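Here is the structure we will look at, set down as structure tokens.
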Amino acid sequence: MAEVSEMTMLNPADGYARWAATYQRETIVSLLDDALVSALTPPLAGRRLLDVGCGTGRRMIAAGAASATGVEPSREMIAAGATARIGRPELTVLHGHAADLPVADHAFDVAWCRLVLGHIGALAAPYAEMARALVVGGTAVVSDFHPDAHARGHRRTFRGPVGVYEIESHPHPIADHILAAEAAGLVLVDGADAAVGPAVRHLYDEAGRIELYEAHLGLPLVFALRFERV
Ligand SMILES: C[S@@+](CC[C@H](N)C(=O)[O-])C[C@H]1O[C@@H](n2cnc3c(N)ncnc32)[C@H](O)[C@@H]1O
């Protein structure tokens, strides 16, 4: 996450191909996402988890679900998480896209889609696919970079070996997520924002940017929504 400046803009495929090798490192956005999604996700023991846009698969690996299936378009991200899945037969990562999930109908109890939909122009197909993949009564938890942060000049960025890159994104209003979900048969049951605060202060400190922490304090950076499949 950074403010608008002179940065190289990459499309998501090129961006995550370059970010894959260092993606495991937590960021301000990923730490806020993790706290928010953990709070909104029902207990996963004994449940089948689908992780749409799973990246390296880092979240599903630690989820404690009976089984977890990730879907991810970046082969570099899939490869970057491969060794962590060795000896874990309950974990599967499939190559695919959110708008056309390579999974059976009604095969999952819980679906995550974390920090992904802002990289996709249209929300209807990803929500329809999550609804198709869930059992009736199942839960979808969707998180993303907060559109208010985007409106205040913050962008999806990462630091590569020779500078900071921005990854192309579409700041969908939260209301558009809810409308697309409802059209797909997913009813909103809960939601929350996560803002810059003490939980991420150490990352500003480690980067030697504590003055930015003071400036960003209270800035909503991530939102998450919990839906029930009806
Ligand atoms: C910010 S990363 C989040 C990864 C993972 N959900 C996590 O929280 O660690 C965004 C991911 O979305 C993936 N992505 C981009 N476009 C996608 C699409 N159309 N369908 C599914 N995933 C996509 C990217 O390749 C990347 O791995």
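Tabulated data for the structure shown
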item	result
Candidate set from region 48-81 (those that are under 21 Å from ALA131 (Cβ atoms) and hydroxyl-bearing (Ser, Thr, Tyr)); member that is farthest from the chain's Cα centre (by Cα)	SER67
Complete set of residues in region 202-230 that are crowded, with 16+ Cβ neighbours inside 10 Å, more than 17 Å from the chain's Cα centre (by Cα) and under 21 Å from ARG156 (Cβ atoms)	LEU203, TYR204, TYR213, HIS216, LEU219
Those residues of region 18-66 which are within 12 Å of the ligand (Cβ to nearest atom) and of a type in the set (Val, Ile, Thr), in sequence order	THR27, VAL29, VAL37, VAL52, THR56, ILE61
Residue satisfying condition, being touching a residue at least 60 places away in the same chain (Cβ under 8 Å), within 16 Å of the ligand (Cβ to nearest atom) and among the charged types (D, E, K, R), within set ARG132, ARG85, ARG75, ARG155	ARG155
Among (1) more than 15 Å from the ligand (Cβ to nearest atom); (2) farther than 28 Å from GLY163 by Cβ; (3) of a type in the set (A, V, I, L, M) - the single one VAL110 does not satisfy	(1)
Looking only at region 146-177, and only at residues there that are out of contact with any Ser or Thr (no Cβ under 9 Å at 6 or more places or on another chain) and hydroxyl-bearing (Ser, Thr, Tyr), the one that is surrounded by the fewest Cβ atoms within 10 Å (Cβ to Cβ)	SER169
Test: residue in region 114-126 that is surrounded by fewer than 16 Cβ atoms within 10 Å (Cβ to Cβ) and farther than 24 Å from ALA17 by Cβ	yes
Region 35-53 residues that are over 11 Å from SER67 (Cα atoms), paired with ones that are among the hydroxyl-bearing types (Ser, Thr, Tyr) and within 12 Å of the ligand (Cβ to nearest atom) (beta carbon under 7 Å, 6 or more apart)	LEU36/SER143; VAL37/SER143
Count - residues of region 135-146 that are closer than 18 Å to ALA224 by Cα and either in a strand (DSSP E or B) or at pLDDT below 95 (or both)	8
Filtered residue count, region 31-44, keeping only those that are small (Gly, Ala, Ser) and touching a Lys or Arg at 6+ places or on another chain (Cβ under 9 Å)	0
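The rows are residues; the columns are (1) under 29 Å from THR27 (Cα atoms); (2) of a type in the set (A, V, I, L, M, F, W, C).
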| site | (1), (2) |
| --- | --- |
| ALA107 | no, yes |
| ALA111 | yes, yes |
| ALA124 | yes, yes |
| TYR127 | yes, no |
| ALA131 | no, yes |
| VAL135 | no, yes |
| GLY138 | no, no |
| SER143 | yes, no |
| ALA149 | yes, yes |
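Let's see how each residue does on (1) in contact with a helix residue (DSSP H, G or I) (Cβ under 8 Å, 6 or more places away or on another chain); (2) over 22 Å from ALA192 (Cβ atoms):
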{"residue": "ALA13", "(1), (2)": "no, yes"}
{"residue": "ALA17", "(1), (2)": "yes, yes"}
{"residue": "ALA20", "(1), (2)": "yes, yes"}
{"residue": "THR27", "(1), (2)": "yes, no"}
{"residue": "LEU36", "(1), (2)": "no, no"}
{"residue": "ALA45", "(1), (2)": "no, yes"}
{"residue": "MET77", "(1), (2)": "yes, yes"}
{"residue": "GLY87", "(1), (2)": "no, yes"}
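The values are calculated or read from the model by the stated rules, or taken from the named source; none is laboratory data. In this text, all values refer to a predicted model and were calculated from it rather than measured experimentally. Don't worry about glycine lacking a Cβ; one is built from the backbone with ideal geometry, like all the others, and counts go over all protein chains shown.
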